[in-house]
Amino acid sequence: MKRFSILILLFLLCGCSYSITNHIYVASMHLNYNDNVFEANFYIINSLAIGLRENSENSSGDIATIKAKSISSLFNELDLTTSLDVNYMHISSIILNPSFLNYDNLIELKNTVRDNNKIYYNSAIFISDDDPKDIYNIKNPGKENDLFSIILSPFERTHLYLASTPQTLITFIRDLEEEKVLKIPTFSLRDCWNTEGANYYLDKVCYYYNNKYKIYNVNDYPGLYFTLEHNNFLISDKNLSANIKKLKIVYKLKEKLIINLKIKYKIAYSRVDSKAYLRQYILNELAKLRKIDDDYLNLSYLNKQTKKEYTYDDIVYSLKL
């Protein structure tokens, strides 16, 4: 028995041909579309850096830029550039340049993912018009490893997504097939830390529907917070500051559409009757959303499913604080 155990140990140490250094790992992908040509920037983590929490002075990732006439060819071209096996199952995020947002491109992306079982279905979808080389220049004072960045471990840090929690690739495709309005978190880069890399600000949301898109900053429309089922966000003005700890949205399909908002909150400071003021503040911000042209509540989809004819003029909001 002892001899048998020794043989197994020798086999495990010497007989396995798999080595992490034989692979390269794509951690994120940026897609652009211009003049009928697709461009992908693949952010590749150095296999030797996986598992390390701190970066060395040099970045632990590389960027491979590929151009092709189809999305599937982007992957094929990358495979041909190296003798190493390219692993796509660790793609945590797919970042789309706004130029990519047309129906044919999204359908091709859906078909490519469906036919390519190498791609991770829980990849998060983002929009950004920043240069991918700047996006992937991840540096900060703590030398935090690339693997722990906002776009590479998105669902571990959902409190940072001020406008909208990221969709996974599979829910993104489902909503596209069901002809829903796509709500996609959108970020921009701004200088913040005294380092070479900028910081991510995820305070925008992109609405895509019927081959059109528009991007809104939630700081301009705080009422959007109360339509996105997002928790742990701050609303404030000169009279009151409140942290919305939990938000639950329930639709009641009556003669008019009744939207019940159940809100748990904590007051940071207040110069007024907090509960009454917060209630009126929320209702006022929701009323301002009528200036938005997009179907931010997916009423078109809701009406098709329920055979109703709800409009934004018919909505009644009910608040429970």
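Before moving on, here are some points about what is shown:
- Number of the condition not met by Glu156 [criteria: (1) charged (D, E, K, R); (2) modelled with pLDDT of 70 or more; (3) surrounded by fewer than 13 Cβ atoms within 10 Å (Cβ to Cβ); (4) under 13 Å from the mean Cα position of the chain (by Cα)]: (2)
- Number of positions in region 225-239 that are out of contact with any Lys or Arg (no Cβ under 6 Å at 6 or more places or on another chain) and open to solvent by 20 Å² or more (accessible area, probe 1.4 Å): 7
- Some residue of region 102-123 being surrounded by 14 or more Cβ atoms within 10 Å (Cβ to Cβ) and acidic (Asp, Glu): yes
- Scope region 247-275; condition under 22 Å from Val316 (Cβ atoms) and basic (Lys, Arg); matching residues: Lys248, Lys252, Lys254, Lys256, Lys262, Lys264, Lys275
- Residue match in region 305-313 (condition: in a helix (DSSP H, G or I), of a type in the set (Ser, Thr, Tyr) and touching a Lys or Arg at 6+ places or on another chain (Cβ under 6 Å)): no
- Where a residue in region 98-115 is farther than 12 Å from Asn34 by Cα and of a type in the set (Asp, Glu) and its partner, wherever it lies, is at pLDDT 90 or above and open to solvent by less than 40 Å² (accessible area, probe 1.4 Å), with Cβ under 9 Å and at least six apart: Glu108/Phe38; Glu108/Ser70; Glu108/Ile71
- Matching entry among Ala64, Ala40, Ala49, Ala68 (being at pLDDT below 90 and not β-branched (Val, Ile, Thr)): Ala49
- Qualifying positions in region 240-282 - surrounded by fewer than 16 Cβ atoms within 10 Å (Cβ to Cβ), over 30 Å from Lys308 (Cα atoms), aliphatic (A, V, I, L, M) and in contact with a helix residue (DSSP H, G or I) (Cβ under 8 Å, 6 or more places away or on another chain): Ile267
- Of all residues in region 194-224 being under 26 Å from Ala276 (Cα atoms) and touching a residue at least 24 places away in the same chain (Cβ under 8 Å), the one that is surrounded by the most Cβ atoms within 10 Å (Cβ to Cβ): Leu224
The values are calculated or read from the model by the stated rules, or taken from the named source; none is laboratory data. These numbers come from a predicted model, not from an experiment. So basically every Cβ, Gly included, is an ideal-geometry build from the backbone, and we count neighbours across all protein chains shown. We work out accessible area using only protein heavy atoms, side chains counted, and drop any ligands, DNA or RNA first. Shrake-Rupley method; radii C 1.70, N 1.55, O 1.52, S 1.80 Å.
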